[in-house]
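The values are calculated or read from the model by the stated rules, or taken from the named source; none is laboratory data. Keep in mind the model is a prediction, meaning the values are calculated, not measured. So basically every Cβ, Gly included, is an ideal-geometry build from the backbone, and we count neighbours across all protein chains shown. With ligands, DNA and RNA removed, areas are computed over all heavy atoms of the protein, side chains included. Shrake-Rupley method; radii C 1.70, N 1.55, O 1.52, S 1.80 Å.
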Amino acid sequence: MKNKLNYIFLIFIFNYFINFNANGADIFNFDVTELEIIEEGNKFIGKNGGTVTSEDGTVIKAKNFEYDKIKNILIAFGNVEIIDEKENIIIKSQKITYLKNNEFFFTNGKSKAISTGIVIDADNFEYNKIKNIINAYGNVKIDNHDENYLIYTDEATYQKNKDVFTTKGKSKAINEGIIIDADNFEYNKSNNVINANGNVAIDNKVENYLIYADDATYLKNEQLFLTKGHSKAINEDIVINGDNFEYNRIDNTINAEGNVKIEDTLNDYLILTNEAKYYKNSEKVITQGETKADIQSKYYITSKDVTYLHEKKIISSQNKTKLQDQKSQVYFADTFNYSINQEIIKGENFLIITNYNLPKSDKFFLENAIIDLKENKFIAKNTKIKVHKDIFDNSENDPRIEGVSSSGNEDYTLINKGIFTSCKKNDSCPPWSIKSKLIKHDKIKKKLNYDNAVLKIYDIPVFYFPKFFHPDPSVKRQSGLIKPAINSSNVLGTSFTLPYFKVISESKDLTFTPTWFDSDTLMSTAEYRQENKNSSLITDFGFVNGYKSPTTRKKNSLSHFFLNYNMDLKLENYNSSNFKMSINKVSNDSYLNVFDQYITRSTLRPSNFNKLTNSINIKLDHNNFNFEAGMNSYENLRIKNQSDRYQYVLPYYNFDKQIIKNYFNGNISFNSNGNNVLDNTNKLETNFTNNLSYNSLDFISNLGLKNNFGVNIKNLNSVGKKSSKYKSSLQSELVSLYNLDVSFPLKKNSQTSQNYLTPKLSLRFNPHDMKNYSSSARNIDAHNAFAINRLGLSDTLESGRSLTLGLDYSNQQKNNLNKINNYFELKLATVLRDREEKFVPNNSTIHRKSSNLFGSIKNKFSENIEIGYNFSLDNDINTLEYNDINTTVSINNVVTEFNFIEENGERGDSNIFASSISYELDDNNFLSFETRRNRKLNLTEFYDLVYEYKNDCLTAGIKYKKTYYSDGDLKPTENLLFTITLFPLTTYEHDAGDLLEDEDSFLNNLELSSKAFK
């Protein structure tokens, strides 16, 4: 029985080994200390150390094994080591799972893979033997001993066949002082290249570099970094941004492309370009293409191919450059070199523009220059300065200064061998210029000083000045001499005027103007101006010493005083509230006429030299009313009797208020005015007048008639002394005037014109008498015949019953552009009464039952001919009592004007004919003739014949003037004058006869010059 059992055991062992070899021995070869086979031979458990070798030669060492025969899975525990000699890979871990069917190894626990100089550490591995790929997970470390690389990541894949590592998650690579951080890596071990993707940071500890980018490639063999997307490099105080970088570790350079921004954070400099290269060793930046730089937000540079030397703080370019400062001053240069620390710019062919892209900009052209922007100093060759065109209030000017060299600082500018002119630039010489050995622009005193200056007219030397100066053209208020003038007068002789302007304070200044005459007469005037917050004052005082009257042949002194004072009272609830005072006083009746051209041209200048006005006035403008009050005095210089020449109106007032709007389809307004008038020594008239008026709105009937009516009530309170109008006792009167106005506007359109015809009438009725104005001069014409107060009376209303008839007609061209400005206008009016009104002014003719026929005709036939005619035809339709004819004829460059005025009968007694002819030879040469003749006296009043040459900066001419007027010291004269104005320097006027007799005179030289008046 025992032998039988042994026999059965031997059979079992034999069958086991037969089956094992058939199903397992060809897969794994176990060499372990202990082997346990369970689960009917489907699971092998190896213990206490050993090795398992697969059929392909892979050796697995471990402390324990567990092999599932059915699943063909081998699990190894404890100090596991996988040796794949075929692929030259060793993997170590605490636990591995080998899926034999798939040829997959999974490690668990601290794992290490070693292959040809590469050591990979991780928490877990996944090794695909078929693809020869290792996936590492958790705390991955890749150590390339050959290339001295260390890579850290969360997850990595090693494609052994391609020799490529791919990482996922936060990754870090360390190589010879270089640290690369990124979201993912791809490391090609064969060509030694790392591709980094996502939030790349490259830290070069050796060169103190930090580079950031979206993606980067590190070519280790070439020591070259290539970045893509949002790249930034930081090196000490230099920050470089760009789309892409190329960082060469060998020559230590960064080449940046796309939206490049280079910033010096320490010194606040910024360079913008599309491509730039940073040379770290030499601390130099070279840009390619268009480049912009911002220097401390003080200077803005635009150039091309710029070089920036970081240590020297110098920016330069050999291309055209623009530098702009914070004061809108721009520097253009063909080449430039700018020192940032010193703020000095050097360059060639500078163009400097002040107030760039703003009004009133000046231009400076400098051939070669060194400009210190910090100290406001410069030195330059071949200087040209072009001041803005309207600096002298003439947009045709081209003011400019040119010199062979220049220098300056914030206090002055020097121009050597300079030439100044304000004349418009052309191909030939300027009409006038000043050439000086040295021109100094004193910026403190704001003056231009000239040494050894020569004034030239068309290149002909005229005057020499050892020293000469005038205010800076930009000066509007500065103390100093201003434009002199030389003039000639038949009564006063030749004169020289040299004004001096004095700035007293910010709100006060004074102009002192002495004028010397060759007749030993001196005229001195002082004009004082003061501007306050709410008021202004201007006065002019003049004194003439040594004037010899040609009438009395006696010497005496003359004077004048003018004053204007305006004050804004700033009263509450008023739209405006103003106080004004005006004073005009002269010591001699003919003073203003004799010294006409020397009297101030400011607002103080009297508008009428024969009647002076002095006044005090207050004027209030309210939303509900207007009020004005004041005192006036008038002095008639033509009246010899001193007591009768004055008229005083003191005081006077005027009050206006619209009481009700849209009341019974009309408006009611109220006016009150009064005055106290003293004239003719002791004639006194006082009146207070109240006016109440109702004016209806226009009513249009179904037939198209336009109707309106009005009611005017006047209350006059008056008293007089030696007056023909007012009684000596207080009188109060109430008068009224009623009017009805009707018109019938008609319009006719045709293809070529528009025609308007308006018949109209005005019916008026005044049941009261009026003041006696029969001898007063009042002119009625077709334009004012329908006005309510056509006689211009303030203290009475036109008396009687009257019917005013009239007709307005006009024709206007349309559609034809050549005739669109052509027109014809006709106005007719006449006044009918039921009886004659003896107190209505006689010369108006509307006091009669049938007045004159008043007419007005305006006809512009074409662009060349225009005629205006006003007339007053007596009611006998036979006598023209008034004719006023104005005619303008323009043919080519000749303009002829005629004016004829004739008054007869009740209208007056005068007959005057005036004519003028002007001929424009070309754009610069003009000829004109003007005369006026009093045909009633058979006397020609004057002749004026003028030839004038004119351009933007020079006006020269010959004037022949003959007058027949005589008044006091003013006698009939006959003058031939030569005048010249050099704008803006001076005006010169002299007797042309004297100049023509002098062969060396400037006038003769001009006549001999072929180019003088071209």
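Among Asn267, Asn197, which is in contact with an Asp or Glu (Cβ under 8 Å, 6 or more places away or on another chain) and either assigned to a strand (DSSP E or B) or free of Cβ contacts under 8 Å to residues at least 24 places away in the same chain (or both)?
Just a single option satisfies the conditions, and that option is Asn197.
Just one of the numbered conditions (1) in a strand (DSSP E or B); (2) surrounded by fewer than 15 Cβ atoms within 10 Å (Cβ to Cβ); (3) touching a residue at least 60 places away in the same chain (Cβ under 8 Å) is not true of Thr551; which one?
(1)
What is the one condition in (1) at pLDDT 90 or above; (2) under 30 Å from Leu266 (Cα atoms) that Asn349 does not satisfy?
Condition (2) is where Asn349 drops out.
Checking Asn893 against (1) modelled with pLDDT of 85 or more; (2) touching an Asp or Glu at 6+ places or on another chain (Cβ under 6 Å); (3) surrounded by 16 or more Cβ atoms within 10 Å (Cβ to Cβ), which test does it fail?
Tallying (1) modelled with pLDDT of 85 or more; (2) touching an Asp or Glu at 6+ places or on another chain (Cβ under 6 Å); (3) surrounded by 16 or more Cβ atoms within 10 Å (Cβ to Cβ), Asn893 fails exactly one: (3).
Is it the case that some residue within segment 686-697 is open to solvent by less than 60 Å² (accessible area, probe 1.4 Å) and farther than 30 Å from Ser762 by Cα?
yes
Which members of segment 355-410 meet the condition of being under 29 Å from the mean Cα position of the chain (by Cα) and among the polar types (S, T, N, Q)?
Scanning segment 355-410 gives Asn355, Asn357, Ser361, Asn376, Thr383, Asn394, Ser395, Asn397, Asn409.
Might you check whether a residue that is more than 26 Å from Glu147 (Cβ to Cβ), open to solvent by less than 50 Å² (accessible area, probe 1.4 Å) and polar (S, T, N, Q) occurs anywhere in segment 256-274?
yes
Being over 40 Å from the mean Cα position of the chain (by Cα) and touching a residue at least 24 places away in the same chain (Cβ under 8 Å) is the filter here, so list the residues in segment 935-957 that pass it.
Arg935, Lys936, Leu939, Thr940, Glu941
Of the conditions (1) open to solvent by 20 Å² or more (accessible area, probe 1.4 Å); (2) of a type in the set (A, V, I, L, M, F, W, C); (3) not in a loop (DSSP other than H, G, I, E, B), Phe786 clears all except one; give me its number.
Here Phe786 clears every test but (3).
Since Glu902 meets every condition but one in (1) in contact with a helix residue (DSSP H, G or I) (Cβ under 6 Å, 6 or more places away or on another chain); (2) modelled with pLDDT under 90, which condition does it not meet?
Among (1) in contact with a helix residue (DSSP H, G or I) (Cβ under 6 Å, 6 or more places away or on another chain); (2) modelled with pLDDT under 90, the lone unmet condition for Glu902 is (1).
Quick one: which residue in Asp781, Asp834 is in contact (Cβ under 8 Å) with a residue 12 or more places away in the chain, buried (at least 18 other Cβ atoms within 10 Å of the Cβ) and of a type in the set (Asp, Glu)?
Asp781
For Pro430, only one of the following conditions fails: (1) over 33 Å from the mean Cα position of the chain (by Cα); (2) crowded, with 20+ Cβ neighbours inside 10 Å. What is its number?
All conditions are met except number (1).
Applying the selection to segment 161-198, what residues are open to solvent by less than 50 Å² (accessible area, probe 1.4 Å), of a type in the set (Ser, Thr, Tyr) and over 15 Å from Ile134 (Cα atoms)?
Ser171, the sole residue that qualifies.
Among the hydroxyl-bearing types (Ser, Thr, Tyr), open to solvent by 40 Å² or more (accessible area, probe 1.4 Å) and either touching a Leu at 6+ places or on another chain (Cβ under 7 Å) or not assigned by the TED database to the domain that holds Lys304 (or both): is that true of Tyr331 in this structure?
No, not satisfied.
On the basis of being open to solvent by 40 Å² or more (accessible area, probe 1.4 Å), part of a strand (DSSP E or B) and of a type in the set (S, T, N, Q), does Asn870 make the cut?
So Asn870 fits the description; yes.
In segment 233-271, what residues are basic (Lys, Arg) and modelled with pLDDT under 90?
Arg249
Is it the case that Asn42 is farther than 15 Å from Ile96 by Cβ, open to solvent by less than 70 Å² (accessible area, probe 1.4 Å), polar (S, T, N, Q) and modelled with pLDDT under 90?
yes
Tell me, yes or no, whether segment 766-787 has at least one residue that is within 51 Å of the chain's Cα centre (by Cα) and over 26 Å from Asn691 (Cβ atoms).
Checking segment 766-787: at least one residue is within 51 Å of the chain's Cα centre (by Cα) and over 26 Å from Asn691 (Cβ atoms).
To keep it simple, each residue is scored yes or no on (1) free of Cβ contacts under 8 Å to residues at least 60 places away in the same chain; (2) open to solvent by 40 Å² or more (accessible area, probe 1.4 Å); (3) touching a helix residue (DSSP H, G or I) at 6+ places or on another chain (Cβ under 7 Å); (4) not aliphatic (A, V, I, L, M).
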residue	(1), (2), (3), (4)
Asp84	yes, no, no, yes
Ile90	yes, yes, no, no
Asn102	yes, yes, no, yes
Ile114	yes, yes, no, no
Ile120	yes, no, no, no
Asn128	yes, no, no, yes
Ile134	yes, no, no, no
Lys141	yes, yes, no, yes
Asp146	yes, yes, no, yes
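Could we say that Tyr756 is at pLDDT 95 or above and open to solvent by 40 Å² or more (accessible area, probe 1.4 Å) here?
Here the answer is no, as Tyr756 does not meet what is asked.
Mind checking whether some residue in segment 812-823 is farther than 20 Å from Thr879 by Cα and touching a Leu at 6+ places or on another chain (Cβ under 8 Å)?
no
Tell me yes or no: at least one residue of segment 378-398 is closer than 30 Å to Ala453 by Cβ and touching a helix residue (DSSP H, G or I) at 6+ places or on another chain (Cβ under 6 Å).
yes
Select from segment 212-253 the residues that are in contact (Cβ under 8 Å) with a residue 40 or more places away in the chain and in a strand (DSSP E or B) and write down the one among them that is farthest from Ile151 (Cα to Cα).
Ile238
Considering only strands (runs of 3 or more DSSP E) fully contained in segment 304-390, which possess at least 2 residues that are under 29 Å from Ser282 (Cβ atoms) and without any contact (Cβ under 8 Å) to a residue 12 or more places away in the chain?
none
Which count do you get for residues in segment 391-413 that are surrounded by 15 or more Cβ atoms within 10 Å (Cβ to Cβ) and either assigned to a loop (DSSP other than H, G, I, E, B) or in contact with a Gly (Cβ under 6 Å, 6 or more places away or on another chain) (or both)?
6
Report, by residue number, each residue of segment 493-524 that is open to solvent by less than 40 Å² (accessible area, probe 1.4 Å) and either touching a helix residue (DSSP H, G or I) at 6+ places or on another chain (Cβ under 7 Å) or of a type in the set (D, E, K, R) (or both).
Asp509, Thr515, Met523
Only one residue in Phe541, Phe562 is open to solvent by 30 Å² or more (accessible area, probe 1.4 Å) and either in contact with a Phe, Trp or Tyr (Cβ under 6 Å, 6 or more places away or on another chain) or hydrophobic (A, V, I, L, M, F, W, C) (or both), so which one is that?
That would be Phe541, the only listed residue that is open to solvent by 30 Å² or more (accessible area, probe 1.4 Å) and either in contact with a Phe, Trp or Tyr (Cβ under 6 Å, 6 or more places away or on another chain) or hydrophobic (A, V, I, L, M, F, W, C) (or both).
Out of curiosity, is Lys661 of a type in the set (Lys, Arg) and under 27 Å from His560 (Cβ atoms)?
No: the conditions fail for Lys661.
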